[in-house]
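Below is one structure, written out as structure tokens; the observations come after it.
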Amino acid sequence: MKNKKSYTVDEARKVLEHFCAYQERCHKEVEQKLYDLKMIPEAKEQIILHLLQHNFLNEERFSKAFVRGKFTIKKWGRIKIVNELKFRNISSYNIKTALKEINEDDYLNVLLQLAEKKLTLIKETNSFKKKNKLSTYLVSKGFETNLVYTVSNSLL
């Protein structure tokens, strides 16, 4: 059996400071980390309060960074991004604020680029099935169905 190290509040605070400084974190991730460190509720509260006061933990900053990263790097659509943020218990206010990080023209360009790239990979000859495969792919990337159908209809 593996012995888990037990942490003092100060040690745990240092671990969490490093955890939050390394990359933006949401409250849920911090709480999970504190749970993994087996901290008691009073210590958890104290550490989270410290992280908030010293700006290691900032949900709005996390949300904006998350949206920028998932959109620019992973090419996710708004629906998928919103669902992931909700899963992380981010407030609807912060989600709404964070979505403003996406430029509308960039959003439509990314959707079009993804569609064109995917179209070259679909070997289907039946145009109805081809359009269906393209639309399914774009919806799974989190793009709104009305935009997906507009793009797929314009390409096929």
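The values are calculated or read from the model by the stated rules, or taken from the named source; none is laboratory data. All of these numbers come straight from a predicted model, not from anything done at the bench. Every residue, glycine as well, gets a Cβ built from its backbone with ideal geometry; the counts of neighbours run over all protein chains shown.
Data for the structure
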{"quantity": "The range 141-156 - residue that is in contact (Cβ under 8 Å) with a residue 24 or more places away in the chain and closer than 21 Å to Lys74 by Cα and, of those, surrounded by the fewest Cβ atoms within 10 Å (Cβ to Cβ)", "calculated": "Glu144"}
{"quantity": "Some residue of the range 14-28 being assigned to a helix (DSSP H, G or I) and polar (S, T, N, Q)", "calculated": "no"}
{"quantity": "Selection status of Ile48, outside the structural domain of Leu147 (by TED's automatic domain parsing), surrounded by 15 or more Cβ atoms within 10 Å (Cβ to Cβ) and either touching a residue at least 24 places away in the same chain (Cβ under 8 Å) or touching a Lys or Arg at 6+ places or on another chain (Cβ under 6 Å) (or both)", "calculated": "no"}
